[in-house]
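Trainee: Below is a structure I'd like to ask you about.
Values in this text are rule-based calculations from the coordinates and carry no lab data. All values reported here derive from a predicted model rather than from experimental measurement.
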Amino acid sequence: MTTASLAIIGGTGLTQLANLTIVKEIQLNTPFGAPSAAYVQGELNGQTLIFLARHGNPHTLPPHKINYRANMWGLKELGVTQVIAVAAVGGITPLMQPAHIAIPDQLIDYSYDRKHTFFEEDLQAVTHIDFSYPYTAALREGLINAAAQANIPISNSGTYGCTQGPRLETAAEIRRLKQDGCDLVGMTGMPEAALARELGIDYAALAVVANWGAGIVEGEITMAEIEQHLHTGMANTALILQAFLAKH
Ligand code: HPA
C-alpha cells in the first residue's frame with residue numbers, strides 16, 4: 001500500500017498539522033501492535049504526505065509508552081521513505097533558548113526499557129546497523145534550506161540527548177548531559193531514529209525548544225512556560241515545513 005513517500009511525526013504541541021487537507025485516515029495494526037494514532041493522509045502545498053501524532057490524538061501517550069516500532073513499521077507499510085520528526089526539547093547550550101528551532105546532527109541515547117529494535121526474534125543473521133550519523137544528511141540539508149527560505153533562524157546542528165521521562169531531568173542530570181556534549185534534551189528521539197534506520201527510512205528532526213533544561217535558569221519548569229514557547233516554535237516549524245514541501 002503506497003500512499004505517500006513523506007511523513008511528518010508531530011510531537012507535543014503538534015498534534016495536528018494546520019493547513020493539511022485531510023484525504024483519509026488510515027487505521028493500521030502491525031506485527032508490533034498498534035501505532036499511536038490513525039495515520040492521516042493529506043495534502044499540503046500540493047504535496048501528499050502522511051501525518052502521525054506521536055503521542056496520540058488526543059495527546060495521551062507519555063514518551064516511554066509510545067509504540068515506536070509500530071509507528072515506524074506502519075509508515076514503512078504505507079510506502080514512506082522520508083520522515084521529518086518534530087519534537088519538543090529542553091535547551092542546554094546557550095543558543096538553544098526557548099522557542100528556538102534546531103536540526104540536530106547527533107544524538108546520545110539515555111533512554112531505557114523501550115522496545116528499540118526490529119532485530120530481536122527469528123533472526124537469520126545478527127544485524128548491526130551503521131548509526132554513526134543518526135540523521136539523514138540530505139533530509140537535514142533540505143530542512144536547513146527550507147528554514148533559510150522561510151527566513152526562520154535555526155541552529156543547523158546540535159546533539160540531542162534522549163532521556164527516559166516522563167519526569168523532567170534534575171539539574172545535575174542536565175549538567176551531565178552538557179558535559180557529554182548534548183545541546184538539547186528530549187524524550188522521544190530514540191528509539192525512533194534508530195528504528196527508521198533499521199527500516200531504511202530517511203529521518204531528520206526539527207527540535208523545538210520549549211524551556212531551558214533543569215537548573216540552567218532559576219526556578220521551576222512549568223507546563224505553562226512550555227506551552228507558551230512551543231506555541232511560537234511550532235508556528236515557525238509550520239513555516240519551515242511549508243517551505244520544505246514547496247521544494248519537495
Ligand atoms: N527535558 C526533556 N524533554 C523535554 C524537555 C526537557 O526539559 N522539554 C521538552 N521536552
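Trainee: Between Asn29 and Ala246, what is 0.36 nm times their sequence separation minus the Cα-Cα distance? Round to one decimal in nm.
Mentor: Here the segment from Asn29 to Ala246 would lengthen by 74.9 nm.
Trainee: Which residue, Gly13, Gly46, Gly219, tops the fluctuation ranking in a GNM of the chain built on C-alpha contacts under 10 Å?
Mentor: Gly219
Trainee: I'm a student and want to see the number: the projected area of the Cα convex hull of the chain, averaged over all directions, in nm².
Mentor: The Cα convex hull of the chain, projected and averaged over all directions, gives 12.7 nm².
Trainee: For Ala172 and Thr15 in one chain, what is 0.36 nm times their gap in residues minus the Cα-Cα distance, to one decimal in nm?
Mentor: Stretched fully, the Ala172-Thr15 segment lengthens by 53.4 nm.
Trainee: Sticking with this one: So what is the calculated 222 nm ellipticity per residue for the chain, using -39500 (n - 2.57) for each DSSP H run with n of 4 or more, over all residues, to the nearest 500 deg cm²/dmol?
Mentor: Taken over the chain, the calculation gives -8500 deg cm²/dmol.
Trainee: Enter the mean projected area of the convex hull around the alpha-carbon atoms of the range 103-173, in nm², rounded to one decimal.
Mentor: That works out to 7.4 nm², a quarter of the Cα hull's surface.
Trainee: Still on this structure: Between rounded, prolate and oblate, where does the range 146-248 land on the alpha carbon gyration tensor, with a ≥ b ≥ c its root eigenvalues, rounded for a/c under 1.5, else prolate if a/b exceeds b/c?
Mentor: Oblate, because a/c is 1.5 or more while a/b does not exceed b/c.
Trainee: Which whole-Hz couplings ³J(HN,Hα) result when phi for each residue of the range 178-189 is put into the Karplus expression 6.51 cos²θ - 1.76 cosθ + 1.60, θ = phi - 60°, listed in order with x for Gly and Pro?
Mentor: 4, 4, 6, x, 7, 9, 9, 10, x, 10, 10, x
Trainee: Past the 27 angstrom mark, what percentage of all C-alpha to C-alpha distances in the range 71-210 do you count?
Mentor: Every Cα pair in the range 71-210 considered, those over 27 Å come to 22 percent.
Trainee: Rank Thr60, Thr81, Thr232 by mean-square fluctuation in a GNM of the chain with C-alpha springs under 10 angstrom and give only the top-ranked residue.
Mentor: Residue with maximal mean-square fluctuation among Thr60, Thr81, Thr232: Thr60.
Trainee: Rounded if a/c is under 1.5, else prolate if a/b beats b/c, else oblate: with a ≥ b ≥ c from the C-alpha gyration tensor eigenvalues square-rooted, which is the range 19-115?
Mentor: Because a/c hits 1.5 or more and a/b fails to exceed b/c, the range 19-115 counts as oblate.
Trainee: Right, here's the next one. Among Ala18, Ala146, Ala205, which one moves the most in a GNM of the chain with springs linking Cα atoms closer than 10 Å?
Mentor: Ala18
Trainee: Using 0.36 nm per residue of separation minus the Cα-Cα distance, give me the extension gain between His64 and Ala125 in nm, one decimal.
Mentor: Contour length minus the Cα-Cα distance gives 19.1 nm.
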